[in-house]
Structures are given as structure tokens and as C-alpha cells.
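Below is one structure, written out as C-alpha cells, with a few remarks after it.
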Amino acid sequence: MARAAAVLPLLFAGAAWADALVPVCYNYGCAVEQTVAFSEQRLAGLKALLRKARSPETERDLLAVAIGRLYAWAGEQTPIWRDRGGNYDDDQGESGRMDCIDHATTTTRFLEALAARGLLRFHRVLPPARRTRFLVGQHFSAVIEELGPVRDAEHPEPERYVVDSWFRDNGRPAVIMALEKWLEGEDPDVE
């Protein structure tokens, strides 16, 4: 009995860092969904990367890289390696292309997987956001919220940021920018 009690903590410690299974969707509007597995070794690498964050700003910078890595690894298991930034550069006949709905959904799932492992220390994951421009132009993105005090009396809510992988080719760091600016229509300078 004592031996079993000694093994139990080891089992649970290992379970926390078992392979992560995350559904990825693609082919526009989440038409196809496929579960990918991220190995314990790769997750440990992301843990080491994100543990370097000493502030919300540095965590966002490192998180952009981590999301890019997750997409690259998912591209080894699915056809999303073909996805190009935006929609216009995607080969319309090829499986694996992703629109902003696919990216917002998948990036949110990646962020939730990181958060479930305690890898986000300065942010929490929120539901995806939608912006509408010119009545017909819609765009969706994953969203994180900075933990801690509010900015000031004029801005009583914590800072929120989009984590938008749609702008870049598969495997590249995600774009992270203030939700407020994104909602106003600001887009990043895309390489």
C-alpha cells in the first residue's frame, strides 16, 4: 500500500506533461477537423521558452513564437503546412488552407492547451473576437487578456490582445496586437 501511494504522485506528475492532443481545423470555416499530438519533449521546449517571460510584454513576444511553432508542428501531421498568410495566396484547390475562422478557432485551442499546462503567467485566454468592416468584411481572431491591474480610470478593463496567426504563413510567429486597435481596423505590416 505504501509503495502504491509513493507511485501515485509520479503518475500524476507525468500525466500533466503527457502528449497534448489538440483539434486543428482547416479548409475554411472549420470544414475539416483533425486532432494533432504535441509530444512531451516539444511541450517542454515551449515551457522553457515561455518561462523566460518576465513581463506581459515579453510573454506576448514569446507567445507569438510559441504559436508559430505549434502551427509548424501541426503542419507535420496535417496539410496545414500549405497555408499562406491571408486568403489570397492560398492554393484554392489544395487541402490545408485556413481562413480566419480556422485560425481563430485553432489558435484559441493552442492557447488553451498552453494555459492548461500553466504556461501563461501574465495572460488568460478569452473567446475569439470578431470585427466587421464595411458591413460585409468580417475577421476573427483569438484573444488574450493581460492579468493584473487595469490601465487607468479611463480604461477600467485589463488590456486585451488579438493573437492572429492568419496574417502569416504556417509556422511563422503570430501577430499580437491590441484588441482595441485591431477592432478599429488596424492590420500589421505583413512580411
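Kindly indicate whether Gly85 is out of contact with any Ser or Thr (no Cβ under 8 Å at 6 or more places or on another chain) and in contact (Cβ under 8 Å) with a residue 24 or more places away in the chain.
For Gly85, the condition - out of contact with any Ser or Thr (no Cβ under 8 Å at 6 or more places or on another chain) and in contact (Cβ under 8 Å) with a residue 24 or more places away in the chain - is met.
Considering only the stretch 50-72, how many residues are touching a helix residue (DSSP H, G or I) at 6+ places or on another chain (Cβ under 6 Å) and farther than 19 Å from Leu147 by Cβ?
Here the count works out to 1.
Just give me the residues in the stretch 110-124 being surrounded by 18 or more Cβ atoms within 10 Å (Cβ to Cβ) and either touching a strand residue (DSSP E or B) at 6+ places or on another chain (Cβ under 6 Å) or not hydrophobic (A, V, I, L, M, F, W, C) (or both), in sequence order. Outline the logic, then answer.
Looking only at the stretch 110-124, we keep the residues that are surrounded by 18 or more Cβ atoms within 10 Å (Cβ to Cβ), and these are 110-111, 113-114, 119-120, 122-123.
If the condition is that a residue be surrounded by 18 or more Cβ atoms within 10 Å (Cβ to Cβ) and either touching a strand residue (DSSP E or B) at 6+ places or on another chain (Cβ under 6 Å) or not hydrophobic (A, V, I, L, M, F, W, C) (or both), then Leu111, Ala113, His123 are the ones that fit.
Out of Pro158, Pro149, Pro127, I need the residue that is modelled with pLDDT of 95 or more and not small (Gly, Ala, Ser). Which one? Step through it out loud before you land on a result.
Values: Pro158 fails: modelled with pLDDT of 95 or more; Pro149 fails: modelled with pLDDT of 95 or more.
From the options Pro158, Pro149, Pro127, the qualifying one is Pro127.
What number of residues within the stretch 33-44 satisfy the criterion of being in contact (Cβ under 8 Å) with a residue 24 or more places away in the chain and either part of a helix (DSSP H, G or I) or not polar (S, T, N, Q) (or both)? Steps first, answer last, please.
Here is the first cut: in the stretch 33-44, the ones in contact (Cβ under 8 Å) with a residue 24 or more places away in the chain are 34, 36-38, 42-44.
So of that shortlist, the ones also either part of a helix (DSSP H, G or I) or not polar (S, T, N, Q) (or both) come out as 36-38, 42-44.
Counting residues in the stretch 33-44 that are in contact (Cβ under 8 Å) with a residue 24 or more places away in the chain and either part of a helix (DSSP H, G or I) or not polar (S, T, N, Q) (or both) gives 6.
The values are calculated or read from the model by the stated rules, or taken from the named source; none is laboratory data. Just so it is clear, the structure is predicted and the values come from calculations on it, not from any experiment. Every residue, glycine as well, gets a Cβ built from its backbone with ideal geometry; the counts of neighbours run over all protein chains shown.
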